[in-house]
Amino acid sequence: MLSYLLFFITVASILSIATLGLNLQWGISGQFNAGVVGFVAIGGYTLAVLSMPATERLLVQWNLPFAVALAASLVTSAAAALLVGLATLRLRSDYLAIATFGVGSAIQLLANNLEPLTGGSRGLVGIPRPFEALGAVGFAWAYAAIVLTLLALCYAALQALLHSPWGRVQRAMREDESVCAALGKNVVRLRLSSFVLGSVLMGLSGALYAGFVGTTSPSEFMPILTFQIWAMLIVGGSGSNRGAIAGTFVVWGLWTLSGAFIGLLLPPRWQAQAGALQSILVGLVLVLTLLLRPQGLLGARRAA
Amino acid sequence: MPILRRLAVPAAASLLVLASGQAAAQQDCPKLGGVLALTGAQGAIGKVIADAGKLAVDQVNKAGGVKGCQVEFVVRDDTSQPSVGLDAARFLVDVQKVHAIVGLVGSGTALQVVNSVSVPNKIPTVACCAVTPALTKLAEEGKTGGYFFRTIPVARSTALVHATTAIDKGYKKPVIMYINNDFGNGVAPDTKRAIEKLGGGVAGMVPYAENQPSYRSDVQKALAMNPDALILIGLSQDGTAVLRDWFALGGTQNVILHNTMRSPDVLKNVGEKFLEKAVGIDNAPASGPSADAFSRDFQAAYNRPAVGPGLQTMYDAAAVTLLAMQAAPKLDGPSIRDALRAVQDPQGEVVGTGVDGLKKGLDALKAGKKIRYVGATGPFTFDKNGDVIGPMLVWKVQGGNIVTERTFTTEEMQAIEKKVGL
Amino acid sequence: MIAQAIVDGLLSGAIAALGAIGVTFSLSILRFANFSHGDLLGVGAYGALGVVLLTAVSSAAKTLDAPLGPFSFGWLLLIGLIVGIVVAVAIALLLERWVYRPLRQRAADPLTLVFASFGLALLLRSLILLLFGPDPHQYSTEIQMALRLPGPVLVMPDQILVFVVTLGVLAGLWLFLQRSRHGIAMRCVAENPSLASVAGIDTAATVRMTWIVSAALAALAGVLYGVTVQVRPEMGIGLLLPLFTAAILGGVGSVPGAVLAAFLISLAENLLSLVMPGSYKPLVPFVLLLVVLYVRPQGLFPIAGQK
């Protein structure tokens, strides 16, 4: 039981880092990322590709240590965010949404096709994991410790940022951009920094997951992940870092448990449609929350 | 946050219930875990596959159970997402303390579960529906500890039959169109290599992306190679679309299809008149008492024919695992793992499917005798990597029905494998 | 091969053009990126499918389904097309009333509307999944044999019809936008919404008309797509990126721009797939989008009032 809880907490914490990133982008600086899964994938694949030991069919066989590969994944997700951000942040706000949507699908496509680099549709198996020598139990505890530490660091850093002048300007910009521009703030640069930082967190999340599981493949990075992270943020209350983490745990818990309950709650005829029903539920949660409870289910929009 | 506080009590309550349920369960009664896609993209087929597994468990229980207990089959949904599948497997092993895992639809889930749960926790895992060669590779590198098995033939076997059929039919320059995913990328290159090793040639290879709006340009690329035949390796959805465009653009009727397209829907959507010369390959359920018994029992239990991917392989995965649990001296990972091969003893008494067959097997094992399980997929043996090679068949369309043209026995398949040297 | 690629590009570009017009309207008149637009195509296609599937239960339907001339469909599909258009328009107006208008009245920023459309896209797609299942459908199981034109270029009669219909619809739309009161009102609001309302144009009515026109075009595009390719629940999302790219490349708010851009993108996709593996085809719209955003974000035919 304990080992399952440890596992669950590890995965939920990894996902929380991505949600914190989305919170920074949407909750705090009001930018819409429609391709969260793309940035998560970049982080995951960077770590995987750089860590893989020498394998004949792979182009990159550098077998870098975990910490180095992790740092590299931050760099690649930042680069991708810059590419998209520089293109769109001077323009209308919904162009970012369209561009990030493109990133989401493009990354999955590239991962699936660039076989010498990413292993193609087969993915990469046997990613070296840190502390593997400690055995299964030792690894679980060690990795959980790494993840929780990183989560705490990210949370603390984001809280500090939020209360800093930078954070105040971001929130002001969200409320009324023209005022900020009139006051002489470089709106584009502020937006970019928030967007890139958020994306870096998403990449970190992806890298941590790949390192935890030891395998990666294009099938892990399907569009549904974008909707899941959004749901986690919305349920927790966008704008609140604490809400982001809480929302992640709640939504992930429900999602994994739903498999157990669908069998109990639905009559057999409907069970096959449960997947569609699940998606309808997520869609409804997103739309209804907007209409009826914009501060989210758990938190307040202007919370600490 | 008020809502968190409100959730705390029910959350604690459910945890207590789970923990107590686990404590109350007898630790020495066999528990079988299933990780399947019951919802999501693969949900439609996953649900039926779960039923096939359930049938095996029910029949074993009717035949007296394993080690004096009724076997509990706990199925968890991976919602067609690998990370959820991993969580499900972790839950099954850590919380519900299953002794083995069966199922695993899709390579993403299979890889994650095997890598993170089966191997570290020493849980024998018998996959019914994951064909990725990556798992064979893992086994070859010694990274599975022998805990991974599958009852579904790897891509390689189907490639061998594709190749042999092309050569037998005298196709000199077939073009291979294949879906650019894990499955297609496994079968297609092997098919090309096999054809070449058997002395033939290939006009070219044309991969196509899955879930595309149209395959017309891919078909045109293939046609531009002037092939005399088409070997199509894809799933039924895209395969149908490709075939339709192929014929519409004037492609030849010399077509070899994969087992994914062996269905009345494909027949209907493509049209019989175009498929007169088409043949396809598939795993051969032994046309014998075992396979027939399964089909009958499945129809009787669920009121639907045993047609569809993964049914026979799932039944066998569950059945062979339960037999192994009976044969194993102790209900732990290493013992069950070794027993999984032991119940395929070539000198053993032949034991089939159905309540009677399984009872015969269980009783023989209880009496300390050796058995050889012949399942719904026919006779099969696990090779050193946990993969199976079994009999295959070639089918064709005749009078609106799908009929078998010829079969390859396990021995013949092994001979071809040796000849091709893959 | 090049001739074939060009012809394919023109024929599939026609469908994209119909969809892109709706997107350019929503970006210019409704002022937000509508992520559920692709699913309106799906709704139209599935609405028609519902009618066509009646052949399973009604013999009157079966007779109406008999193919007309060299084409693969019969009168039944034309009825289905009308049904599809009606359903798509109805859904668009309902969503406007229940979701978009309340949000706009709350002075929500445009991104909130984008967010809502995101969730609605998921909803619409899941509804289609629920009602029709995940398998693809054809309007007709008959396979049409391609015509051999000089080139050699292989073309289905259906594709030619799609092209001709699109040209006709575009001509009709042009007249509507140039001559009719509603059409002119739409163009005014697209160029300068504040001036338009000062001049007495009923923005609410214009918004409704925009939804009607966009949804109808989307439904038509969906059905035409279903006729020439197939009907799948995810057909909408796959088309979303090319449609957005076309609208932006053409210049947001410009109908001729969107049409031209749609053809350009489609031609590019088909010509490029001659030299690169077909699996990379979906990347073409994304790369084009980035290029446009970096090099000329206002598009080919920028409209004065748009950013």
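The values are calculated or read from the model by the stated rules, or taken from the named source; none is laboratory data. Note that the structure is predicted; figures quoted are calculated from it, not measured. Here the Cβ positions follow ideal geometry from the backbone for every residue, glycine too, while neighbour counts run over all protein chains shown.
Quick notes on this structure:
- Condition check for C:Gly172: under 26 Å from C:Pro67 (Cα atoms) and either within 14 Å of chain A (Cβ to nearest Cβ) or in a helix (DSSP H, G or I) (or both): no
- Residue match in the range B:32-44 (condition: surrounded by fewer than 24 Cβ atoms within 10 Å (Cβ to Cβ), farther than 29 Å from C:Leu131 by Cα and more than 9 Å from chain A (Cβ to nearest Cβ)): no
- Matching helices (runs of 4 or more DSSP H) fully within the range B:327-422 where at least 1 residues are outside the structural domain of B:Leu311 (by TED's automatic domain parsing): B:410-420
- If the condition is being among the β-branched types (Val, Ile, Thr), within 8 Å of chain A (Cβ to nearest Cβ) and closer than 24 Å to B:Phe380 by Cα, then the range B:77-135 contributes only B:Thr132.
- Candidates B:Phe294, B:Phe298: the one that is in contact with a Lys or Arg (Cβ under 9 Å, 6 or more places away or on another chain), part of a helix (DSSP H, G or I) and more than 14 Å from chain C (Cβ to nearest Cβ) is B:Phe298.
- Within the range C:216-298, helices (runs of 4 or more DSSP H) holding 3 or more residues that are farther than 30 Å from C:Leu77 by Cβ, more than 8 Å from every other protein chain (Cβ to nearest Cβ) and not charged (D, E, K, R): C:255-272, C:283-295
- Residue count, the range A:233-259 (criterion: modelled with pLDDT under 85 and more than 25 Å from A:Gln170 (Cβ to Cβ)): 6
- When residues of the range B:58-76 are limited to those that are over 19 Å from B:Ser116 (Cα atoms) and crowded, with 24+ Cβ neighbours inside 10 Å, the one farthest from the other protein chains (Cβ to nearest Cβ): B:Val66
- Criterion (over 25 Å from B:Asp87 (Cα atoms), surrounded by fewer than 24 Cβ atoms within 10 Å (Cβ to Cβ) and among the charged types (D, E, K, R)) met by exactly one of A:Arg189, A:Arg242: A:Arg189
Residues checked against (1) surrounded by fewer than 17 Cβ atoms within 10 Å (Cβ to Cβ); (2) assigned to a helix (DSSP H, G or I):
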{"position": "C:Val51", "(1), (2)": "no, yes"}
{"position": "C:Thr55", "(1), (2)": "no, yes"}
{"position": "C:Ala60", "(1), (2)": "yes, yes"}
{"position": "C:Ala66", "(1), (2)": "yes, no"}
{"position": "C:Leu76", "(1), (2)": "no, yes"}
{"position": "C:Ile85", "(1), (2)": "no, yes"}
{"position": "C:Ala92", "(1), (2)": "no, yes"}
{"position": "C:Leu95", "(1), (2)": "no, yes"}
{"position": "C:Val99", "(1), (2)": "no, yes"}
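- When C:Leu131, C:Leu127, C:Leu149 are checked against the criterion of being surrounded by 18 or more Cβ atoms within 10 Å (Cβ to Cβ) and hydrophobic (A, V, I, L, M, F, W, C), a single residue qualifies: C:Leu127.
- Of the residues making up the range A:71-81, not a single one is in a loop (DSSP other than H, G, I, E, B) and away from chain C (no Cβ under 14 Å).
- Close Cβ contacts (under 6 Å, 6 or more residues apart or on different chains) running from residues in the range C:62-90 that are of a type outside the set (Lys, Arg) to residues that are surrounded by fewer than 17 Cβ atoms within 10 Å (Cβ to Cβ) and in a helix (DSSP H, G or I) comprise C:Leu64/C:Trp75; C:Pro70/C:Pro157; C:Phe71/C:Pro157.
- Remark: B:Glu196 falls outside the filter, which requires a residue to be surrounded by fewer than 22 Cβ atoms within 10 Å (Cβ to Cβ), within 20 Å of the chain's Cα centre (by Cα) and acidic (Asp, Glu).
- Once the range B:223-243 is narrowed to residues that are modelled with pLDDT of 90 or more and facing another protein chain (nearest Cβ under 10 Å), the residue that is farthest from B:Pro174 (Cα to Cα) is B:Leu243.
- Selection over the range A:190-225 of residues that are in contact with a Leu (Cβ under 7 Å, 6 or more places away or on another chain), under 17 Å from A:Ile127 (Cα atoms) and of a type in the set (S, T, N, Q) gives a count of 4.
- Residues that are without any contact (Cβ under 8 Å) to a residue 60 or more places away in the chain and aliphatic (A, V, I, L, M) within the range B:324-363 comprise B:Ala327, B:Ala328, B:Ala339, B:Ala342, B:Val343, B:Val350, B:Val351, listed in sequence order.
- Among the candidates B:Ala159, B:Ala188, the residue that is among the aliphatic types (A, V, I, L, M), more than 12 Å from chain A (Cβ to nearest Cβ), in a helix (DSSP H, G or I) and surrounded by 24 or more Cβ atoms within 10 Å (Cβ to Cβ) is uniquely B:Ala159.
- Which listed residue, of A:Met1, A:Met52, is within 14 Å of chain B (Cβ to nearest Cβ) and free of Cβ contacts under 8 Å to residues at least 24 places away in the same chain: A:Met1
- Leading residue by the ranking (nearest to the chain's Cα centre (by Cα)) among those in the range B:66-109 that are at positive phi, assigned to a loop (DSSP other than H, G, I, E, B) and touching a residue at least 40 places away in the same chain (Cβ under 8 Å): B:Gly106
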